[in-house]
């Protein structure tokens, strides 16, 4: 792998994130505020909005970190409850994130980052500083988003909310399905 090839990896990783976010945008454009906020699951603690907020805050954390010198800290992210109660606010934030990812796609995948990861080893409450890279974090965000979108799809199914085809399916699974069709 040469340094000249690294930006193209970032573009591909950013594109996978764009695909996930675009599916999420389709949901946000059509879901009612009541459906978005409806508490579901066994203990009525989950909602579509809570999962969307969680996804968007992870992206915002990475994007904010690229402009700062501190460790990337997903657990220390700012939690914005408006993102979980108002689909239009979430959609606006999603569009801003998607636009910012176009700029991020120009950076090398090996752009060095430091991830703060809290540990409760022997209840000492320490934070490990783990070396990472922009490419690794973009790959994480794709998987993280798809995971939560799969949960969102279950919540939407309970409400009979239609979703785009392959909503919550990871790009690697889609590639695998396509390869099976050509065999």
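Throughout, read-outs are computed from the coordinates displayed, never taken from laboratory work. Not measured: the values here are computed from a predicted model. Because the Cβ atoms are built from the backbone with ideal geometry, glycine has one as well, and the counts that use them run over all protein chains shown.
Worth a mention:
- Euclidean distance of C-alpha centroids, segment 67-103 and segment 39-58, integer Å: 15 Å
- Peptides 62-72, 14-24, 104-114 ordered by average Cβ neighbours within 10 Å, highest first: 14-24, 104-114, 62-72
- Compared with the direct C-alpha span, the chain from residue 103 to residue 64 gains 12.7 nm at full extension, assuming 0.36 nm per residue.
- Helical content alone sets the calculated 222 nm signal of the chain at -19000 deg cm²/dmol, taking -39,500 (n - 2.57) per DSSP H segment of four or more residues and averaging over every residue.
- Mean Cα-pair separation over length for segment 3-182, i.e. relative contact order, pairs under 8 Å, 6 or more apart, %: 29 percent
- Extension gain for residue 151 to residue 166 (0.36 nm times residue separation, less C-alpha to C-alpha distance): 4.1 nm.
- Cβ-Cβ FRET estimate between residue 174 and residue 110, R0 fixed at 25 Å, reported to 0.05: 0.45
- Highest-first packing order for the peptide set 37-43, 97-103, 135-141 is 135-141, 97-103, 37-43, based on the mean count of other beta carbon atoms within 10 Å.
- Tensor-based shape of the chain (alpha-carbon gyration tensor, a/c under 1.5 rounded, otherwise prolate or oblate): oblate
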